[in-house]
Every structure is written in C-alpha cells, then in structure tokens.
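*Asks:* The structure under discussion is supplied below as structure tokens; questions concerning it will follow.
Every read-out reported here was derived from the displayed coordinates using simple, explicitly stated rules and does not represent laboratory data. Just so we're clear, the structure is a prediction, and the values are computed from it rather than from any experiment. Cβ atoms come from the backbone with ideal geometry, glycine included; neighbour counts cover every protein chain shown.
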Amino acid sequence: MNHARRAVPEDAEELVRLRQIMFDSLRRPDTGTGWQPAAVEVLRTRLAEPDATLAAFVVDRPGRPGELAACATGTVEYRLGGPGNPTGVSGHVFNVATDPDMRRRGHSRACLEALLGWYRARGVRKIDLHASREGEPLYASLGFVRTADPSMRLTF
C-alpha cells in the first residue's frame, strides 16, 4: 500500500529533484539548474510555516531513507469571489512527479489524494491544475474535468 505523508522542510532538495524530472518529462527546453537553490530555500521556508498556504505530499522511496518516489504540491489562493466560486478561495495543484522507475505503482495517486484531503480540510472547493497528456487520466479519475482554458478543475 502507498502511504503519502506531508512533506517537511528536510524534503526540499528531493522535491526540487522531482520537479526537474517533471520538467524533463514535459520536454521543456533546458531549464538549467540556476533555479534550484532558490526553489529549495522557498520550499524549506514555506513547508515550515504552521498555517501554510502551500503543502506537498510525498511517498518515500522504499529502502532508500531520505529519498522520495513521488510528490504532489499545491497552494491555496485567495481571490475575489465570483459565480463559480463565491468565496474566492481556490487551490492550484502543481509539481506532480514520480521517479521514472517508480511509476505505475499508485504513488502519484496517493500524493494527490492526500493533497485533496488537505484542500477539503481547509474548505477549498475549487481546484485547478495544468495536465500533461500522461497525467490527464489520473486527474480525470479523481474528478477533474477539462475547462474552456487548458486547465482542469475539480469542484467538491
């Protein structure tokens, strides 16, 4: 069984490593590594906040302490309310990544389900994400649907 846990500041380097894997899988032009130290520092700070608006959920790599197999990260955003979201509170999922040799084992699903639980506990009822072709079946199976723009949305 896959067990996702909430990421802690000590997971920052691994979260950034998985983010690079995500960029690589999207075949983005060379992203370099100059962004990584800043991303690690931001994650260390944000993951340590007691009432954080950013959370990541991870699955540890079996047999390799300190290494992660998968992750899913999200933020809570506060916007002006509107017809589809009267409170204006929304979530955005990003940085869903799994090490290539750990794929097709339910790790990303476990991370996403834990992240969605975090959103529910915070009263977030509208969640957006941008889906890759490879990720879209997983997101659809969790209730996300295509919107008019190139993102997907889940409404509770």
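*Asks:* Under the Kirkwood approximation for Rh and a Cα-based Rg, what ratio Rg/Rh is obtained for segment 59-139?
*Replies:* Ratio of gyration radius to Kirkwood radius: 1.05.
*Asks:* Now for a separate question. Segment 55-133: which trypsin sites (Lys or Arg not before Pro) are DSSP loop and have at most 10 other beta-carbon atoms within 10 angstrom?
*Replies:* Those that pass, being in a loop and sparsely packed, are Arg104, Arg133.
*Asks:* Mean residue ellipticity at 222 nm from the helices of the chain, using -39,500 (n - 2.57) per DSSP H segment of n ≥ 4 over the full residue count, to the nearest 500 deg cm²/dmol?
*Replies:* Helices in the chain give a 222 nm mean residue ellipticity of -9500 deg cm²/dmol.
*Asks:* Going by a ≥ b ≥ c, the root eigenvalues of the Cα gyration tensor, does segment 105-156 fall in the rounded group (a/c under 1.5), the prolate group (a/b larger than b/c) or the oblate group?
*Replies:* oblate
*Asks:* Then there's this: Using only the Cα atoms, what convex hull volume per residue in Å³ does the chain have?
*Replies:* Output value, Cα hull per residue: 127 Å³.
*Asks:* Between Arg44 and Leu80, what length in nm is gained on full extension when 0.36 nm per residue of separation is reduced by their alpha carbon distance?
*Replies:* 10.1 nm
*Asks:* Near the amide H of Gly91, under 5 Å away, which other amide H atoms are found, from residues 5 or more places off or on another chain, if H is placed in the peptide plane?
*Replies:* Here Glu77, Lys126, Ile127, Asp128 satisfy the definition.
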